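Worksheet: one structure, shown below.
The values are calculated or read from the model by the stated rules, or taken from the named source; none is laboratory data. Values in this document were obtained by computation on a predicted structure and should not be read as measured data. Cβ placement follows ideal geometry from the backbone for every residue including glycine, while neighbour counts extend to all protein chains displayed.
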There are 2 protein chains.
Amino acid sequence: MPILTVCMNPALDREFYINDFTIDKLHRLTIENSRMTPGGKAINVAVDLAAFGIKSVVTGFIGGYLGDVVLTELRETSELITTNFVHIEEEIRENIAIIDEKNHTLTEINSSGPTIPLEDLQHFLRRYKLIVPTVRVVVLSGSLPIGIPNSIYGELTKLAKKYNKAVFWEAKDEIITESLKISVPFVLKPDFRREKKLFGEDLKTEQDYIDAGKEIIRYGVKMAVLSYKIDYDIVVTNDGVWFVKPLVGVEHAHLLGTGDTYMAAMIYKYLETNDLVEIAKYGYAAALAKTWYKRKIPPTFEDIEKAMEKFKIERVE
Amino acid sequence: MPILTVCMNPALDREFYINDFTIDKLHRLTIENSRMTPGGKAINVAVDLAAFGIKSVVTGFIGGYLGDVVLTELRETSELITTNFVHIEEEIRENIAIIDEKNHTLTEINSSGPTIPLEDLQHFLRRYKLIVPTVRVVVLSGSLPIGIPNSIYGELTKLAKKYNKAVFWEAKDEIITESLKISVPFVLKPDFRREKKLFGEDLKTEQDYIDAGKEIIRYGVKMAVLSYKIDYDIVVTNDGVWFVKPLVGVEHAHLLGTGDTYMAAMIYKYLETNDLVEIAKYGYAAALAKTWYKRKIPPTFEDIEKAMEKFKIERVE
């Protein structure tokens, strides 16, 4: 049975490599210096799962010219990925990154994305209910477009659990806070990229992170994985608290998409074992291996095996 | 019979309105502040012709995701436009304009565009030969992609003249210089936007422009229309030389696409009269009327009539 990855807010990711990018000037771009890839966290998870040889179904909302590009590129990425989106009227998001490697700047233009009419949300829910019984795991990951309530992750999880499906989340605080009130996932990885916040509180010290992880567990989540200061992680389960720290330097410029690789690798391991700490370790190793490459490509199993030797995990509680 | 407009190098034109656009920052863009329109000079001419109620067939090379957007948008623009492009493997050009109205800056990112294989050029020529007998006028306007020789405007004109079709050109110096050796158009409007050059010589003084216009006429062209210092034009025919000067201030920020409106309006008038100076006057009036609007929209007949009162034409030779 495949994995269902839910991408409510897909995007077309574009990278323009332009040296000496300057305001009020005309810049010429060659095909070699320009890239166009499907984006959105749950889509990235599906792409990484495919690299690990795992079938997935990707659902969510898609529309417009940019949506057509995402769909076509996604279908061409791997035969292991099946797309099953609800089509909407509006254009999906476009994330343009203008990368100046000479002056080390990253200038971004992100379009706001569509507003989802209630009718399309209902259509999505009907479709979701039909897909869930046919999959093994449900992944809910990434942001929500306007029109979708923050509690949706809880609602979708409640439905998935009726069929005894394991659910994994990666999301920002508002979604976590509102959704946990409805239903809880098996594994939860807060998305701290924009804001280091949980349950409305700013996280500052290591202890803040540990406490937030424990709070997640009190809700009934089996494992919380929290990134602390980018490259070291705090893992909390019912059995204890662990620190996962790299033994090598981590290239921060290559962190794009590592959270999604982490998620895909945890699911890969979950299909083999119920040992939560082993699942977290494998996710961490895959994310670490991913930072060894500049481009948005999934790590190989060999790289992940190598990365298993490049970090330490220590139980702190 | 429709007009044939040949767009060898179509583009997707995109406008992003972002105030305080800054390097190394993340900018959010709403749908209202973003625009996506078919581009390329001959395509713009077809859009303006449609606004004047004139049918056209647009041909050239198109490909990729961006090409699909251009085709779809063009077909939706007007039922008076028929598309008949040769499909290529590569992506067409994308011209991104980041407009900061607060700080009055225009930052542009233009992609280089495709390389046309010889096979596709041959395909195009076969198709062109089939279309030409079915149209009234042929417009050759705009740049060429890699793989297409600068002499192509001459070759296509030679073919059109076999069927006694009137041909109009707007092009930059390299195309004019190499193409005039093969065959000459009825009306020629040099494109001086990037370089004020003709026959390899820099044009500086008013006299340089007059001399260049006369040189064009010596080749056998019936009328040369040369923009001098952006807002005033020099018209040269076998009968004399005229200056066309505005009586009102011209908003230079709104010059985008005025050359194409000029062309479309000259063709509109040509269908009514053979009086060359009348044709040039109508083109000038339409271009002037177009500057009254910020957006890339064709002027109305009413606006053009009003604009006829806002400039003077004086014979100087």
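Could you tell me which residue of segment A:263-281 is surrounded by the most Cβ atoms within 10 Å (Cβ to Cβ), considering only residues that are out of contact with any Phe, Trp or Tyr (no Cβ under 7 Å at 6 or more places or on another chain) and in a helix (DSSP H, G or I)? Can you show your working first?
Going through segment A:263-281, the residues out of contact with any Phe, Trp or Tyr (no Cβ under 7 Å at 6 or more places or on another chain) turn out to be A:270-276, A:278, A:280-281.
Okay, now just the ones that are also in a helix (DSSP H, G or I), so A:270, A:276, A:278, A:280-281.
Working: A:Tyr270: 22, A:Leu276: 22, A:Glu278: 14, A:Ala280: 27, A:Lys281: 22.
Step by step, filter segment A:263-281, then rank; the result is A:Ala280.
Name the single residue that is farthest from B:Ile230 (Cα to Cα) among those in segment B:159-195 being charged (D, E, K, R) and buried (at least 19 other Cβ atoms within 10 Å of the Cβ). The residue in question is B:Lys165. Restricted to segment B:6-18, and to residues that are more than 9 Å from chain A (Cβ to nearest Cβ) and within 12 Å of B:Ile98 (Cα to Cα), which residue is farthest from the chain's Cα centre (by Cα)? The qualifying residue farthest from the chain's Cα centre (by Cα) is B:Tyr17. Which of the residues belonging to segment B:36-66 are away from chain A (no Cβ under 14 Å) and assigned to a helix (DSSP H, G or I)? Those that are away from chain A (no Cβ under 14 Å) and assigned to a helix (DSSP H, G or I): B:Lys41, B:Ala42, B:Ile43, B:Asn44, B:Val45, B:Ala46, B:Val47, B:Asp48, B:Leu49, B:Ala50, B:Ala51. Determine whether segment A:66-73 contains at least one residue that is closer than 30 Å to A:Glu305 by Cα and buried (at least 24 other Cβ atoms within 10 Å of the Cβ). No. Only one entry of A:Gly259, A:Gly249 meets the criterion of being of a type outside the set (Ser, Thr, Tyr) and assigned to a loop (DSSP other than H, G, I, E, B), and that entry is A:Gly249.
Of all residues in segment B:265-282, those being over 23 Å from B:Lys229 (Cβ atoms) and either within 16 Å of the chain's Cα centre (by Cα) or of a type in the set (A, V, I, L, M, F, W, C) (or both) number 3. Selection of first residues in segment A:68-88 that are more than 14 Å from chain B (Cβ to nearest Cβ) and under 21 Å from A:Glu119 (Cα atoms) and of second residues that are aliphatic (A, V, I, L, M) and crowded, with 16+ Cβ neighbours inside 10 Å, restricted to Cβ pairs under 6 Å at least 6 apart or on distinct chains, gives the following pairs, ordered by first then second residue: A:Thr83/A:Val58; A:Thr83/A:Leu71; A:Thr83/A:Leu74; A:Asn84/A:Val57; A:Phe85/A:Ile62. Of the residues that make up segment B:205-212, is at least one in contact with a strand residue (DSSP E or B) (Cβ under 9 Å, 6 or more places away or on another chain), buried (at least 19 other Cβ atoms within 10 Å of the Cβ) and of a type in the set (Ser, Thr, Tyr)? Yes; the residues of segment B:205-212 include at least one that is in contact with a strand residue (DSSP E or B) (Cβ under 9 Å, 6 or more places away or on another chain), buried (at least 19 other Cβ atoms within 10 Å of the Cβ) and of a type in the set (Ser, Thr, Tyr). For segment A:89-98, the set of residues classified as more than 8 Å from chain B (Cβ to nearest Cβ) and either over 22 Å from the mean Cα position of the chain (by Cα) or surrounded by fewer than 17 Cβ atoms within 10 Å (Cβ to Cβ) (or both) consists of A:Glu89 only. Quick check on my filter: what residues within segment B:207-233 are at pLDDT below 95, on the phi < 0 side of the Ramachandran plot and outside any strand (DSSP E or B)? Residue satisfying the conditions is B:Asp231 alone. Of all residues in segment B:243-262, exactly one satisfies the criterion of being among the hydrophobic types (A, V, I, L, M, F, W, C) and surrounded by 23 or more Cβ atoms within 10 Å (Cβ to Cβ), namely B:Val244.
When B:Thr5 is tested against (1) free of Cβ contacts under 8 Å to residues at least 24 places away in the same chain; (2) touching a helix residue (DSSP H, G or I) at 6+ places or on another chain (Cβ under 6 Å); (3) hydroxyl-bearing (Ser, Thr, Tyr), only condition (1) is not met. Is it the case, given these coordinates, that A:Gly63 is modelled with pLDDT of 95 or more, under 28 Å from B:Phe16 (Cβ atoms) and not aliphatic (A, V, I, L, M)? So A:Gly63 passes the test.
Pairs meeting the criteria (first residue in segment A:99-126 and closer than 22 Å to B:Glu15 by Cβ and within 9 Å of chain B (Cβ to nearest Cβ), second residue part of a loop (DSSP other than H, G, I, E, B) and of a type in the set (Ser, Thr, Tyr), beta carbons under 8 Å, at least 6 apart or on different chains) are A:Thr107/B:Thr22; A:Ser111/B:Thr30; A:Ser112/B:Thr30. Quick one: in segment A:19-34, of everything that is surrounded by fewer than 20 Cβ atoms within 10 Å (Cβ to Cβ) and either touching a residue at least 60 places away in the same chain (Cβ under 8 Å) or aromatic (Phe, Trp, Tyr) (or both), which residue is farthest from the other protein chains (Cβ to nearest Cβ)? Checking each candidate, the answer is A:Asn19.
Suppose we filter segment A:1-46 for residues that are more than 21 Å from A:Arg93 (Cα to Cα) and of a type in the set (A, V, I, L, M); how many remain? Don't jump to the end; show me each part of the working.
Looking only at segment A:1-46, we keep the residues that are more than 21 Å from A:Arg93 (Cα to Cα), and these are A:1-4, A:18-33.
Now narrow it down to the ones that are of a type in the set (A, V, I, L, M): A:1, A:3-4, A:18, A:23, A:26, A:29, A:31.
Result for segment A:1-46: 8.
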